[in-house]
Amino acid sequence: MNKDQIKGQAKQAKGEVKELAGKLVGDKAMETKGVIQKTAGKIQTGYGNAKDKIKKGR
């Protein structure tokens, strides 16, 4: 695992928590921020996965 994969997974987890908290308290802005953060984490994880594949392919 590289640092992008780890950071991406952490962002996804934080986003999930923020999204659920927003749903529980009825705060649409917090819920939306959680979805955005979770998506950003998925993108960063995907980037890390691609880097890892390229590195292992050599």
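The values are calculated or read from the model by the stated rules, or taken from the named source; none is laboratory data. Nothing here was measured: the structure is a model prediction, and the numbers come from that model. Glycine also receives a Cβ, built like all others from the backbone with ideal geometry; neighbour counts cover every protein chain displayed. To get the accessible areas, we keep the full protein, side chains included, count just its heavy atoms, and leave off ligands, DNA and RNA. Shrake-Rupley method; radii C 1.70, N 1.55, O 1.52, S 1.80 Å.
Numbers at a glance
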{"item": "Karplus (6.51, -1.76, 1.60) ³J(HN,Hα), θ = phi - 60°, over segment 33-40, in Hz, Gly and Pro reported as x", "result": "4, x, 5, 5, 5, 5, 5, 4"}
{"item": "Length gained when the stretch Lys28-Ala40 is fully extended (0.36 nm per residue, less Cα-Cα span)", "result": "2.5 nm"}
{"item": "Proximal aspartates and glutamates to Lys28, defined as alpha-carbon separation beneath 13 angstrom and excluding residues fewer than eight positions away on the same chain", "result": "Glu19"}
{"item": "Estimated distance in nm for a label pair at Ala21 and Lys51, the labels positioned 7 Å out from Cα along Cα-to-Cβ", "result": "2.7"}
{"item": "Under 15 Å from the Cα of Lys18 - aspartates and glutamates, other chains or at least 8 residues apart", "result": "Asp27, Glu31"}
{"item": "Relative contact order %, the chain, counting alpha carbon pairs below 8 Å whose residues are six or more apart", "result": "45"}
{"item": "Accessible-area composition of segment 16-58, carbon plus sulfur, in percent [1.4 Å probe]", "result": "63"}
{"item": "Tensor-based shape of the chain (alpha-carbon gyration tensor, a/c under 1.5 rounded, otherwise prolate or oblate)", "result": "prolate"}
{"item": "Under 19 Å from Lys55, Cα to Cα: lysines that are on another chain or at least 8 residues apart", "result": "Lys3, Lys7"}
